[in-house]
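Beneath this line is the structure, given in structure tokens, with notes to follow.
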Amino acid sequence: MKKIKLFFVVTSLLLLTSCFDILDKVNVKADGSGEYSLILNASKSKTRLASISKMETINGKKVPKRSEIEAKINEAARIFKATPGISNVKTSMDFDNYIIRLSCHFSKIENINAGLEQLKARNIIGKMIPTQIYSQNLAKKIFIRNKVNTFKSDYDKMSKADKEIFNEARYISVLQFDNTVKSQSNAAYSLSPNKKAVKLEANIIDLIIQKKQLQNNILFQ
């Protein structure tokens, strides 16, 4: 279980319930700069999580305290702020509805990769979490959501109870652009009517076993 951390220590709490969403959103301007945001939303399980948060352990796993979650998220924000090319880092923590947000501006999309690398180096995110997620070539008018490794072998080793944690968990990726999309390589991403955004929604299990792929090469007009 520890190898399949999704983000921050807060997921030690979120992963005690199967009903949570992860929204990964990127808004890219024509010059390659833009805004990145990550939202962990477990509001559908807030009643259960409120009860769990009062416990020391559950199913043999330590339940993180609010202070521990806040400390880790604030540490992540400090690391992002210190990453070249990243600015305007903001976080919000709604412990009534269990919604955690982190957002920032970037000079180029590869700055986000560098920030995630720093989070991994400081043990804020798990070692198996991909960090080289995005790349862009302005001259060739292409934006790439890079391929990531499969977690299937780790998932197969989990107990039945731990596997059930992912039954209703969802991942949503939204990529918005100033430029108009000409084509994309992954048909699993839906294209917006104005052709300036693509969106992928998937069960996290499907991503773990790679039934659905995140990789996408997006070519602009």
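Taking the criterion of being closer than 30 Å to Asn137 by Cβ and under 20 Å from the mean Cα position of the chain (by Cα), would at least one residue in region 54-77 satisfy it? Working first, answer last.
Narrowing region 54-77 to residues closer than 30 Å to Asn137 by Cβ: 76-77.
With under 20 Å from the mean Cα position of the chain (by Cα) added as a condition, the list becomes 76-77.
Among the residues of region 54-77, at least one is closer than 30 Å to Asn137 by Cβ and under 20 Å from the mean Cα position of the chain (by Cα), which makes the answer yes.
With respect to the conditions (1) modelled with pLDDT under 70; (2) of a type in the set (S, T, N, Q); (3) over 23 Å from Arg145 (Cβ atoms), Thr11 falls short on a single one, namely (3). In region 129-174, the residue that is farthest from Ser192 (Cα to Cα) out of those that are loosely packed, with under 13 Cβ neighbours inside 10 Å and among the aliphatic types (A, V, I, L, M) is Ala161. Output the residue which, of all residues in region 179-210 that are in contact with a helix residue (DSSP H, G or I) (Cβ under 7 Å, 6 or more places away or on another chain) and without any contact (Cβ under 8 Å) to a residue 60 or more places away in the chain, is surrounded by the fewest Cβ atoms within 10 Å (Cβ to Cβ). Among those that are in contact with a helix residue (DSSP H, G or I) (Cβ under 7 Å, 6 or more places away or on another chain) and without any contact (Cβ under 8 Å) to a residue 60 or more places away in the chain, it is Ile209. Within region 183-216, the set of residues being more than 19 Å from Asn27 (Cβ to Cβ) and not in a loop (DSSP other than H, G, I, E, B) comprises Ser183, Ala202, Asn203, Ile204, Ile205, Asp206, Leu207, Ile208.
For region 21-36, the tally of residues that are aliphatic (A, V, I, L, M), closer than 19 Å to Ala114 by Cα and under 14 Å from the mean Cα position of the chain (by Cα) stands at 1.
Having 3 or more residues that are within 16 Å of the chain's Cα centre (by Cα) is the bar; report the helices (runs of 4 or more DSSP H) wholly within region 80-180 that clear it. Where helices (runs of 4 or more DSSP H) fall fully within region 80-180 and carry at least 3 residues being within 16 Å of the chain's Cα centre (by Cα), they are 110-121.
Determine, yes or no, whether Ser53 is farther than 22 Å from Ile129 by Cβ and either surrounded by 15 or more Cβ atoms within 10 Å (Cβ to Cβ) or not acidic (Asp, Glu) (or both).
Working: farther than 22 Å from Ile129 by Cβ: yes; either surrounded by 15 or more Cβ atoms within 10 Å (Cβ to Cβ) or not acidic (Asp, Glu) (or both): yes.
Here the answer is yes, as Ser53 does meet what is asked.
Here's a check for you: in region 28-44, which residue that is touching a Ser or Thr at 6+ places or on another chain (Cβ under 8 Å) and not polar (S, T, N, Q) is nearest to Phe220 (Cα to Cα)? Step by step, filter region 28-44, then rank; the result is Gly32. Of all the criteria given as (1) assigned to a strand (DSSP E or B); (2) modelled with pLDDT under 85; (3) among the hydrophobic types (A, V, I, L, M, F, W, C), the one not satisfied by Leu16 is (1). Among the candidates Ile69, Ile124, Ile100, Ile109, single out the residue that is within 21 Å of Ser53 (Cα to Cα), crowded, with 18+ Cβ neighbours inside 10 Å and modelled with pLDDT of 85 or more. Answer to the check: Ile100.
The values are calculated or read from the model by the stated rules, or taken from the named source; none is laboratory data. Bear in mind the structure is a predicted one, so any value in this text is a computation, not a measurement. We place every Cβ from the backbone using ideal geometry, glycine too, and count neighbours over all the protein chains shown.
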